[in-house]
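Just so you know, all these numbers are worked out from the coordinates, no wet-lab data involved. Since the structure is predicted, the reported quantities are computational estimates derived from the model, not experimental observations. Reconstructed Cβ throughout: ideal geometry from the backbone, glycine too, with neighbour counts over all protein chains shown.
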Amino acid sequence: MKKEMDIVEKTAREWLTKRGVTLDDIADLVYFLQVKYHTDLKMEDCLENVDRVIAKREVQNAILTGIQLDMLAEKGMLEEPLLDIVQRDEGLYGVDEIVALSIVNVYGSIGFTNYGYIDKQKPGILEKLNDKEGKLCHTFLDDIVGAIAAAASSRLAHRAANVE
Ligand code: MG
């Protein structure tokens, strides 16, 4: 039997949804990253790997921390000069990427390559999150979502290698 979800995991999952990111959106990114390596790749495998990545405490901690900062920035509740930096998603800031790397780290080095690649391509949900129009702030969330997809891709690739 699956153990009951604790409050940290439950909140991390709820906050992703609340911020407009579904597990299917992230599974689509995994599919994008992995389809060229696995000819019979199924969406349900992508989804399963995303789910397992989000079940990790390090990942939940990164989700809660990053989304919290995005939400505070949106409400103008961070202090200057950090408020302006986070609201503008200033290029040299880089702490958003560092938070995301704590997710990529969980499944080893293939994750880094995937993370760099998807961050440049910005397919699917990443393009939406990166849209700077409007009042929403996704400075941390876009990197977190890319990192979850990269970590899930690594997990999927490792498992496939073990099976073959
Ligand atoms: Mg960012």
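Observations, loosely collected:
- The residue pairs whose first member lies in the range 27-38 and is within 10 Å of Ala157 (Cα to Cα), whose second member is outside any helix (DSSP H, G or I) and not charged (D, E, K, R), and whose beta carbons are closer than 9 Å, counting only pairs six or more residues apart or on different chains, are Gln34/Leu41.
- When Ala151, Ala161, Ala147 are checked against the criterion of being part of a helix (DSSP H, G or I) and either touching a Ser or Thr at 6+ places or on another chain (Cβ under 9 Å) or not aliphatic (A, V, I, L, M) (or both), Ala147 stands alone in meeting it.
- Within the range 113-164, the residues that satisfy the criterion of being small (Gly, Ala, Ser) and either touching a helix residue (DSSP H, G or I) at 6+ places or on another chain (Cβ under 7 Å) or more than 17 Å from Glu48 (Cβ to Cβ) (or both) are Gly116, Gly124, Gly134, Gly146, Ala147, Ala149, Ala150, Ala151, Ala152, Ser153, Ser154, Ala157.
- Condition met for Leu29 (surrounded by fewer than 19 Cβ atoms within 10 Å (Cβ to Cβ), under 25 Å from Cys137 (Cα atoms) and touching a helix residue (DSSP H, G or I) at 6+ places or on another chain (Cβ under 7 Å)): no
- No other residue among Gly66, Gly116 is near the ligand (Cβ under 10 Å from one of its atoms) and out of contact with any His (no Cβ under 8 Å at 6 or more places or on another chain) apart from Gly66.
- Only residues that are in contact (Cβ under 8 Å) with a residue 12 or more places away in the chain and either among the acidic types (Asp, Glu) or within 11 Å of the ligand (Cβ to nearest atom) (or both) were counted across the range 88-110, and they come to 6.
- The single condition from (1) closer than 15 Å to Val99 by Cβ; (2) touching a Ser or Thr at 6+ places or on another chain (Cβ under 6 Å); (3) not small (Gly, Ala, Ser) that Val30 fails is (1).
- The residues on offer are Gly76, Gly108, Gly94, Gly66, and the sole one that is of a type outside the set (Val, Ile, Thr) and over 17 Å from Ala147 (Cβ atoms) is Gly76.
- Residue count for the range 130-154, restricted to those that are within 13 Å of the ligand (Cβ to nearest atom) and within 19 Å of Gln60 (Cα to Cα): 10
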